[in-house]
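Encoded as structure tokens, the structure appears first; notes follow it.
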Amino acid sequence: MAAISDVNPFVSAPVGDNAFARITDNVSRIAEVERPPRAWYIAFACALGILSIFLGSIGWVVWTGIGVWGTTMPAAWAFPIVNFVFWIGIGHAGTLISAILFLFRQTWRTAINRFAEAMTIFAVMCAGVFPGIHIGRPWLPYYMLPIPNQMDMWPQFRSPLEWDIFAVSTYATISIVFWYMGMIPDFATFRDRATTFWRRLCYGVVAMGWRGSSRQWHRYERAYLILAALATPLVLSVHSVVSFDFATSQLPGWHTTIFPPYFVAGAIFGGFGMVVMLAVPARQFFGLKRIIQIRHLEVMNKVLIATSLLVGYSYMMEFFVAWYSGNKYEAFTFVNRAFGQYAWSYWAMISCNVLFPQLHWFKAVRTNPIATLIIGMFINVGMWFERFVIICTSLTRDFLPSSWGYFIPTKIDFMTLGGSFGLFFTLFLLFCRYLPMVAMAEVKAFHPSAHAHEPDHPVEHTGQAPVGI
Amino acid sequence: MSDSHEPQASESGPAPLHGLLAEYTTTGDILRASKKVRDAGFSRWDTFTPFPVHGIDRAMGIRMTILPWIVLGAGLTGLGTAILLQWWTNAYDYPWLISGKPLWSIPANVPIMFELTVLIGGVTAFIAMLVLNNLPMPAHPLDQVKRFARATDDRFFLLIEAADPKFDADATRALLDSTRPHAIESILEDRKTSDKLPTGIIYALVIATVASAVPFALAAKARYTKSRSTRIHLIQDMDAQPKYKAQRENPVFADGRSTRVPDPETVAVGELHEDDHFYRGTQNGAFARTFPPTFRVDETAMLRGEQRFGIYCTPCHGFGAEGNGMVAKRAEELAQGTWTPPSNLTDQRIRDMPVGEIFNTITHGIRNMPAYGPQIPTSDRWAIILYLRALERSHAAKIADLAPAERTGL
């Protein structure tokens, strides 16, 4: 039994006499070390601590009722739905990277797609918790499923909340299938390198006997392409459907046609913010700098500028439409957003989402991991505030001044919000420890030495090598 | 170049040959070798690579899989399921009428159609990939070869099976030799490991499948049979409360009622109401013709009366008390034949009516007019009557009734 080591075992150069072997080693050794370095344990202990706060606060909410949150009329959605939309949005970047960039043949995605997909799944899990506990009786969500029940009635399929059930559960399922399928060849690599019986058994079971047959690769690639093609409209649909929860209501500030694209852009923006936030420490810590290069951070930061401008445009457009529509409730809502009781959250959102990301126009900033990390954090804060602004300003200032109010979160509100990060990071750290963090097979496939020097096939121009091995 | 290993004979006699395995170090080599083997007309052979090698499908002559068609079928099934599900549940079995919209209108049903198409299509793509690829495949003769572990790392392998009709141990080896492999190895059939799932796992799966149907069977049974015992509620939701509700039978009391009547000899504090004139509008058993002395007739009372009349009486009797309020108008419009129109309160009959009788009408209601006693406090009822009297006067007002200053303003 090796003792927990203070030195990071992942900094040394990967071993292997060719590029493919070095890629394998670089990724596999992370899951193969007998004892990960002390920092992993510390991080994991923190994550578990925060997770226990999460579970504790949920237990308290279920035991006493949702009155322990600040959620009450008129802000009946408040934190739980803010958190739901926040987490589900985070997930979108993963699918965008794995599916949409795949269809667009963006080979740089191979360095980050695996853990972006993992991030998607964990974020969707965090998201799924919130509607479940927000309904107050978490043992009754089956009312929303079309199964015969003792009330002899069916769910109402023309409600966006019902669409949400289908959209989110489809999204979770397809993301897991996509993620798992992508990992099968890498599990096979782990299995074939395993030195102990249990590793061989566990990875062997999940690898399902994959041996890399070309006839199997052929069907595998087809299935992967089809899944990507299905996941692409799916990811666009999910946040559109989430936005319908708002847009199909009559509330000023919610009832707008710009919501679906605006939500999707925001989701991708927030999700990429989370990806860079995870990528920077992960590449540093797990010795993946050769695979996840500065170049990849730079590309993602460029995506962040683009999506930041998109959300900035949406914020402007909302104001324009409020004025142009001539609807005085709509106009009031937006003036109230910027200058009313929640103005502080509105300006927090604007500065985090629209102003700070503009720093990425400078190459020095967008190629600097620390700056990338910090701006990524700001974006996450900003995107949380975006949902807060949308939900709380509109609900507390609707048509009837007699039913106006002010939402004040309670301690438990903050515990469930903060605690959800515990769930996310616990799952993420376990993923880093036991699963292939980088899609090895895909990275190898795009490595220059994978492109055959065949006489009747001139070497394809692949541009820059996706990995530096 | 080749460093071939001779097959190792096992204790129980040599196993039959499974095939010949050649190892290559680059994608170029495996592609060239594949073309040779393809052109030599072999059918039972395969290559094994750590990643999908670009162009190997063509080099091996792999034909396009039917997988996309399967997924198309599955996607259409998902679409059809969504259409049927939504139509059957919301428009047919349990018609859900939402704001008077049609029971079945496609646009609102599109999101779920889309989601189910993707869900069933996507999951099928994955399952079809596994099934067509014969996965899971627990064992394979190649697993006996140590070098083959690199097939998922950095090496490229080509296997020609002995079962191929064109296979000939020497000629095939010569063919492989000519492709300049890194190594060639003979693969024997694996007699020790079975490529079947262990029977224990199969039994466990069968039992789990059967067991998972049990809850559904129980639910179905409960649904279609009758039982005298109360239903099991794990979480009570306060739906069973140990208390008696109003109008329920109650064995505790002799009269069997849970609602108790007050004792005839008792009066609650402050509820004696002995002033007949004020509380009942009567004087010596007849309806009073004057306002009770405890009620102060002044401007405040008049304004209060106007406001309360506006709230409680105008919906039916109208602002002018002529019996033409919104409720009355709407009822006439519907013309259902059962409507008794509210009285015109400016009629001579009502003008001549003692205030005590109007008070009684408001308190207890009359014929089709409901009682407002429980809703309107006593002094407000008098205030309403005061205002009603003023309204009645205004209906028969003459110019001479106005103050001289106001007459000129008309």
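Restriction of the trypsin sites (Lys or Arg not before Pro) in segment B:320-405 to DSSP coil positions whose beta-carbon has at most 13 other beta-carbons within 10 angstrom yields B:ARG367, B:LYS398. Packing here is the average count of other Cβ atoms within 10 Å per residue, and on that basis the peptides A:338-351, A:200-213, A:179-192, highest first, run A:179-192, A:200-213, A:338-351. Could you list log10 I(q)/I(0) for the protein assembly as shown at q = 0.05, 0.07, 0.08 Å⁻¹, which the Debye formula gives when each Cα is one point scatterer? The calculated log intensity ratios at q = 0.05, 0.07, 0.08 Å⁻¹ are -0.46, -0.75, -0.90. Among the helices of chain B, those built from whole DSSP H runs whose Cα atoms reach 24 Å or more along their own axis and whose mean Kyte-Doolittle hydropathy is at least 0.5 are B:67-87, B:106-132, B:199-224. Of the trypsin sites (Lys or Arg not before Pro) found in segment B:154-208, those that fall in a DSSP loop while having at most 16 other beta-carbon atoms within 10 Å are B:LYS166, B:ARG191, B:LYS192, B:LYS196. The trypsin sites (Lys or Arg not before Pro) of segment B:203-258 meeting both criteria, a DSSP state outside H, G, I, E and B (loop) and at most 15 other C-beta atoms within 10 angstrom of the site's C-beta, are B:LYS226, B:ARG228, B:ARG231, B:LYS243, B:LYS245, B:ARG248.
Per-residue mean of foreign Cβ neighbours for B:82-92 is 3 (Cβ atoms of other chains, 10 Å radius).
The Cα-based radius of gyration and maximum Cα-Cα distance (Dmax) for chain A are 23.5, 80 Å.
Provide the net charge surrounding A:PRO14, with neighbours chosen by a C-beta distance below 14 Å and charges set as Lys +1, Arg +1, Asp -1, Glu -1. Summing Lys/Arg as +1 and Asp/Glu as -1 gives +2.
The label-point distance for B:ILE66 and B:ILE399, in a model that sets each label 7 Å from Cα toward Cβ, rounds to 10.2 nm.
Per residue of B:136-142, what is the mean number of Cβ atoms on other protein chains within 10 angstrom of that residue's Cβ?
Averaged over the peptide's residues, the number is 3.
Give, rounded to the nearest 20 debye, the magnitude of the charge dipole that the protein assembly as shown has about its Cα centre when Lys and Arg contribute +1 at Cβ and Asp and Glu contribute -1 at Cβ. Write down the numbers at each step before the final one.
On the way: 74 positive and 68 negative charges, 114 e Å.
About 540 debye.
Counted over chain B with a bin width of 10 Å, the fraction of Cα pairs per bin, in whole percents, is 4, 11, 12, 11, 10, 9, 8, 6, 6, 7, 8, 6, 2, 0. Annotation: per residue accessible area for segment A:127-253 equals 36 Å², rounded to a whole number [probe 1.4 Å, protein chains only].
The label point for B:ALA268 and the one for A:LEU355, both projected 7 Å from the Cα toward the Cβ, are 6.1 nm apart. Only protein atoms count toward the accessible area here, which uses a 1.4 Å probe; on segment A:119-263, the carbon and sulfur part of that area reaches 69 percent. Exposure here means at most 15 other Cβ atoms within 10 Å; with GluC sites (Glu not before Pro) in a DSSP loop as sites, the longest stretch of chain A lacking them is A:35-459.
Cα-based values for segment A:141-250, radius of gyration first and Dmax second, are 19.9, 62 Å. Taken residue by residue and averaged, Cβ atoms of other chains lying within 10 Å of the Cβ of A:14-21 number 3. How much accessible area is lost when chains B and A come together, counting both sides, with a 1.4 Å probe, in Å² rounded to the nearest 100? Between B and A, the summed buried area is about 6300 Å².
Only the Cβ atoms of Lys and Arg (+1) and of Asp and Glu (-1) were treated as charged; on that basis the dipole of segment B:1-158 about its Cα centre amounts to roughly 440 debye.
Farthest toward the positive end of the dipole of the protein assembly as shown, out of A:MET440, B:ALA405, B:THR338, is the Cα of A:MET440, where the dipole comes from beta carbon charges about the Cα centre. From its DSSP helices (H runs of at least four residues, each -39,500 (n - 2.57)), chain A gives a residue-normalised ellipticity at 222 nm of -21500 deg cm²/dmol. Per residue, segment B:276-398 exposes 59 Å² of solvent-accessible protein surface, assessed with a 1.4 angstrom probe and all protein chains in place.
Our helix-only sum for chain B, with -39,500 (n - 2.57) per DSSP H run of n ≥ 4 divided by its residues, gives a mean residue ellipticity at 222 nm of -13000 deg cm²/dmol. Residues of segment B:63-79 buried by at least 50 Å² of accessible area upon assembly of all protein chains, compared with the chain on its own (1.4 Å probe): B:THR65. Here, segment B:276-398 has an Rg and a Dmax of 14.4, 45 Å when only alpha carbons are counted. In this structure segment A:310-421 gives 48 Å² per residue of accessible area when probed at 1.4 Å with all protein chains present.
Between the listed residues B:ALA328, A:THR393, B:GLY61, the Cα displaced farthest toward the positive end of the dipole of the protein assembly as shown, a dipole computed from Cβ unit charges relative to the Cα centre, is found at B:GLY61.
Rounded to the nearest 5, what % of the DSSP beta bridges within chain B are antiparallel ones? DSSP beta bridges in chain B are roughly 95 percent antiparallel.
Take each peptide in A:106-112, B:264-270, A:139-145, count the other Cβ atoms within 10 Å of every residue, and average; sorted highest first, the result is A:106-112, A:139-145, B:264-270. In the protein assembly as shown, the DSSP beta bridges split such that about 95 percent are antiparallel, to the nearest 5. Using Cβ point charges alone (K and R +1, D and E -1), the dipole size of segment B:276-398 about the Cα centre works out to roughly 100 debye.
The values are calculated or read from the model by the stated rules, or taken from the named source; none is laboratory data. Bear in mind that the values here come from a model prediction, so they are computed numbers and not experimental data. Note: ideal-geometry Cβ built from the backbone for every residue, glycine included; neighbour counts use all protein chains shown. Just the protein is used for accessible areas: all its heavy atoms, side chains included, with ligands, DNA and RNA removed. Shrake-Rupley method; radii C 1.70, N 1.55, O 1.52, S 1.80 Å.
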